[in-house]
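The structure appears right after this line, and notes come after that.
No lab work stands behind these numbers, since they all come straight from the coordinates. Just so we're clear, the structure is a prediction, and the values are computed from it rather than from any experiment. Cβ coordinates were reconstructed from backbone atoms using ideal geometry, including for glycine residues, and neighbour counts include every protein chain displayed.
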Amino acid sequence: MPLVQVNVWKGISEEKIKEIIAGITKVFVDMGIPARAVEVIVYEIPKTHWGIEGKPATESRPGGKPPQ
């Protein structure tokens, strides 16, 4: 029984989390594993607790460019 743990920044919408769970489950279903056997846990982490290039994500931007 697959268990997938996903870490995301806090603040993602409930709708987007549902999409993440459904999409991950579909990958396993496409490989022949029953959906009922797939478990997905989504952890929301504040950007202040997520480091990128030695800095909190609140001080960084995607692609490694610091905020202007």
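Annotations for the structure displayed:
- Long-range lysine pairs (8 or more apart or interchain), the chain, Cα under 29 Å: 15
- For segment 1-34, trypsin sites (Lys or Arg not before Pro) meeting the loop criterion (DSSP other than H, G, I, E, B) and having at most 14 other Cβ atoms within 10 Å: Lys10.
- In order along segment 38-52, the phi-based Karplus estimate (6.51 cos²θ - 1.76 cosθ + 1.60, θ = phi - 60°) of 3J(HN,Hα) comes to 9, 10, 10, 10, 10, 9, 9, 10, x, 4, 5, 9, 10, x, 9 Hz; Gly and Pro are listed as x.
- Calculated [θ] (222 nm, deg cm²/dmol) that DSSP helices of n ≥ 4 give over the chain, each run adding -39,500 (n - 2.57): -8500 deg cm²/dmol
- Within the chain, percent of DSSP bridges classed antiparallel, to nearest 5: 20 percent
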